[in-house]
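Beneath this line is the structure, given in structure tokens, with notes to follow.
The values are calculated or read from the model by the stated rules, or taken from the named source; none is laboratory data. Everything numeric in this text was worked out from a predicted model, so none of it was measured. So basically every Cβ, Gly included, is an ideal-geometry build from the backbone, and we count neighbours across all protein chains shown. Calculation scope for accessible area: heavy atoms of the full protein, side chains included, ligands and nucleic acids excluded. Shrake-Rupley method; radii C 1.70, N 1.55, O 1.52, S 1.80 Å.
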Amino acid sequence: MNLYLKRHKLLEILTKKRILLESDLSDDNLLGVSFTDIHKQLNCNRSELELIMSELYDLDEIGYHDTLGVVGLFTKDKGKSSYANKKYKRLYRNEITNLIKDFVQIIIPILSLLIASYAVSNKIESFNMNIKNKLDKIENQVKELEFEFDKTEMNHGVINIDSISKK
């Protein structure tokens, strides 16, 4: 899962805990959630949790909790607002959208080039076929002319031989 989605999930866990406490529905009257519970719910290790928490700490959306033996995290007002506005889900969608845009900006020119080269090669092939057909016609006409020329020469030769033999 992406870091943005895990940040959203962490804010969800912490915000739900805070809402339960603020509405007097909490069983343990604790503001924070232990690191153990967070690891289980996010299905991550300590180093990944550090990556997830780093931006949330920097933006003052979460805080460190160490009360009544529970060492963990709690959400602040900014964190609750970020969760409600789905800030990190939007960032995730924007990231995906940008990746798709980048991909499309690379693929479209490549596809255009391939299509253009295909069209040009077809045009060249068509042009070559046309030239070949014309050459074939000219070749056939030359052969016909040669045949007629040979035939005429033979006729002249026959006439001359006939005329000589009659004398």
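Rolling a 1.4 Å probe over the protein heavy atoms gives the chain an accessible area of 74 Å² per residue.
The H on the amide N of L59, modeled in the peptide plane, is under 5 Å from the matching H of no residue at least 5 residues off or on a different chain. Sorting M129, M53 on solvent-accessible area from highest to lowest, probe radius 1.4 Å, gives M129, M53.
Our coupling estimate for segment 107-115, obtained by passing each phi through the Karplus curve with A = 6.51, B = -1.76, C = 1.60 and θ = phi - 60°, is 5, 4, x, 5, 5, 4, 5, 5, 5 Hz, Gly and Pro reported as x. Each of S34, S47 has its accessible area taken with a 1.4 Å probe; listed largest first, they run S47, S34.
Shown for the chain: the carbon plus sulfur share of the solvent-accessible area, taken with all protein chains present and a 1.4 angstrom probe, equals 59%. A convex hull fitted around the alpha carbon atoms of segment 11-92 yields 93 Å³ per residue.
Across the options F127, A84, H8, the greatest Cα extent toward the positive end of the charge dipole of the chain (unit charges at beta carbon of Lys, Arg, Asp, Glu) belongs to A84. Just name one of T97, G72, N140: the one whose Cα is farthest towards the positive end of the charge dipole of segment 54-153 (beta-carbon charges, Lys/Arg +1, Asp/Glu -1). Among T97, G72, N140, the one farthest towards the positive end of the dipole of segment 54-153 is G72. Set the Cα radius of gyration of segment 9-147 against 2.2 N^0.38 Å, with N its number of residues, and you get 2.38. Here the 3J(HN,Hα) profile of segment 127-139, calculated from phi with Karplus coefficients 6.51, -1.76 and 1.60 at θ = phi - 60°, is 4, 4, 5, 4, 4, 4, 4, 5, 4, 4, 4, 5, 4 Hz, Gly and Pro shown as x. Ignoring lysines fewer than eight residues from K6 along the same chain, the ones with Cα atoms less than 18 angstrom from its Cα are K16, K17, K40, K76, K78, K80, K86, K87, K89.
Short version: what are the Cα gyration tensor semi-axes of segment 69-141, square root of 5 times each eigenvalue, largest first, in whole Å?
68, 9, 5
Tell me, what is the percent relative contact order of the chain, built from C-alpha pairs under 8 Å that lie six or more residues apart? Relative contact order for the chain comes out at 22 percent.
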